[in-house]
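Each remark here refers to the structure printed beneath this line.
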Amino acid sequence: MTAVILAHGIAALVCPFFFRRWGRTCFYVLSLVPAVCFVWLCTLAPAVLGRGEQLSTSLPWIPSLGISLTFRMDALSWILSAMVLGVGALVLFYCAQYFRHTNQHSGRFAAELVAFAGVMFGLVTADDLMVMFVFWEVTSVLSYLLIGYSNARQSARRAALQALIVTTAGGLAMFIGLVMLGNLAGTYLISQIVDTAPTWLVGADPGYLAAVVVLVLVGAGSKSALFPLHFWLPGAMAAPTPVSAFLHAAAMVKAGIYLIARLAPVLAPVQPWLPMVLGLGLFTMLFGGYAALKQHDLKLILAYGTISQLGFLAAVVGLGTPDALYAGLAMMVAHSLFKSTLFLLTGVIDHQAGTRDIRRLSGIRHRAPWLFAMAVVASASMAGIPPFNGFLSKEMMLEETTHMVFAGQALLVPVLAGEWGLAPADFGWVLAAPLFGLGIGAALLGPLGDRFGRRPVVLTD
């Protein structure tokens, strides 16, 4: 696992030099780094997903504070890692043609993007709370640089600074909560915190635990754009489309959901965990869906749709039950596939048509029927139409949230979802290939998803 992080770090360091010599064709070579790591990850699937094994590695870092570079691969981290590496490889491949009209800063952009993939992998595999926090904050810095790629535009600089301030401030609040949690549990290793929870939760001060819950959820909410800290995500659409497809659909915005899923089995019984994740999650879901209906810019429609889905995910995985975690993970995978596809399609449209305003776009499907087919597949998955994986995952989530018990009474959770896909323009096979890869994933993972059966125990080990 450390080799994966090092490989991305080394690639990030050397790619600006090679970009000066070979230009944007280096994106093709660079995409091999996460692609090869993804293949390695797939070799671990039988052990991690099939037999429920957990792989770990540890290196000393700050022994005086009891902090080590400990990484652990279980089912939850495997699924998030697959999303990061798989989508990251396709997005880097896509960038070779996306930046075909300019080489300005493309080497720096590539370095930041591949570094982000490595840092995100470190975040979801870190077993030490302090190590995870370091990766957490580095993702904020890299997202600031990537969102502000077009630094000549004031809107991009403002959006980048806004995202940095919100996510960093939330991260600092979370840091306090993590320190409090580690001190209470007597360890900063997440695996040990979960395993020994019945021991250290007994007799703990309720006020102390409540402070931990609030601080941790503030950090998670800031990263995953939950209301009222959602506003940075639509502004971040000033970033190039590959950034939106990777960071804001498949990677960074899932970090908060990952943290909630990781700690929910421990903190769900603690007040005010459930009121916060259910209240903020469900309100964010409804607010994001309503706001998406009022937009005319394709990227803003997708951005507010993402906010809505993140709210729903937070509410479900926050329940902390094994089945809820399983359903939430299925939805995270589905959302990453169909939303990344649609963001990349939007980039094609923007380049070819020169606008993202849906009021000015019509009949593009006649120019590129195969790309249009991918848009239909991704949109059908997003809408929850069978047999696509969006249907399977949403049905699983609805099953878990239809009759939740909250405050002693049955709570029927209404789920309102409505998003639209759009047809792409013709922009060459290099741009089309990543779309086919993601679109096929959106189509096939639904029918194949139940072959492994439900393994909820693995997710909470």
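The values are calculated or read from the model by the stated rules, or taken from the named source; none is laboratory data. The model shown is predicted, which means the values in this text are computed figures rather than measured ones. Neighbour counts are summed over all protein chains in view; Cβ atoms, including those assigned to glycine, are modelled from backbone coordinates with ideal geometry. Calculation scope for accessible area: heavy atoms of the full protein, side chains included, ligands and nucleic acids excluded. Shrake-Rupley method; radii C 1.70, N 1.55, O 1.52, S 1.80 Å.
General observations
- Taking the empirical scaling 2.2 N^0.38 Å for compact globular proteins as reference, segment 308-362 has a Cα radius of gyration ratio of 1.59.
- Fraction of accessible area attributable to carbon and sulfur, segment 1-103 (%, probe 1.4 Å): 69
- Alpha-carbon centroids, segment 150-201 and segment 1-75: separation in whole Å: 22
- Spacing of the two label points (7 Å from each Cα toward its C-beta) at Phe231 and Ser191, in nm: 4.3
- Between the amide H of Ser56 and those of Met73, distances stay under 5 Å, these residues lying 5 or more places away or on another chain, with hydrogens modeled in the peptide plane.
- Average Cα contact separation per residue, the chain, under 8 Å, 6 or more apart, as relative contact order %: 14
- Normalised by residue number, the volume inside the convex hull of the Cα atoms of the chain is 130 Å³ per residue.
- Table column - 3J(HN,Hα) (Hz), segment 112-129, Karplus curve with 6.51, -1.76, 1.60, x for Gly and Pro: 5, 5, 6, 5, 4, 4, x, 5, 5, 4, x, 4, 7, 10, 5, 9, 9, 4
- Straight Cα distances below 23 angstrom link Lys294 to the lysines Lys339, with same-chain residues fewer than 8 positions distant left out.
- Computed 3J(HN,Hα) for segment 281-297, one whole-Hz value per residue from the Karplus formula 6.51 cos²θ - 1.76 cosθ + 1.60 where θ = phi - 60°, is x, 5, 5, 4, 4, 5, 5, x, x, 5, 5, 4, 5, 9, 8, 10, 7, glycine and proline marked x.
- Put a dot 7 Å past the Cα of Thr2, heading toward its Cβ, do the same for Leu172, and the two dots end up 3.2 nm apart.
- Amide hydrogen neighbours beyond the local backbone of Asp128, cut-off 5 Å, H modeled: Thr70, Ile190
- Ligands, DNA and RNA are left out, and with a 1.4 angstrom probe the accessible area of the chain is 38 Å² per residue.
- Computed per residue of the chain from DSSP H runs no shorter than four, each worth -39500 (n - 2.57), the mean residue ellipticity at 222 nm is -22500 deg cm²/dmol.
- For the chain, the longest principal axis of the C-alpha atoms and the axis of helix 429-449 are separated by about 40°.
- Three-way shape call for segment 232-300 based on the alpha-carbon gyration tensor, with the a/c threshold at 1.5: oblate
- Classification of segment 264-339 by its C-alpha gyration tensor yields an oblate form. The axis ratio a/c (a ≥ b ≥ c) is 1.5 or more, and b/c is at least a/b.
- Cα-based shape type of segment 26-133, given that a ≥ b ≥ c are square roots of the gyration tensor eigenvalues and the cut on a/c is 1.5: oblate
- Taking trypsin sites (Lys or Arg not before Pro) as exposed when DSSP calls them loop and at most 14 other C-beta atoms lie within 10 angstrom, the chain has its longest site-free stretch at 295-453.
- Estimated at 0.36 nm per residue, the fully extended path between Ser56 and Trp370 surpasses their Cα-Cα distance by 108.7 nm.
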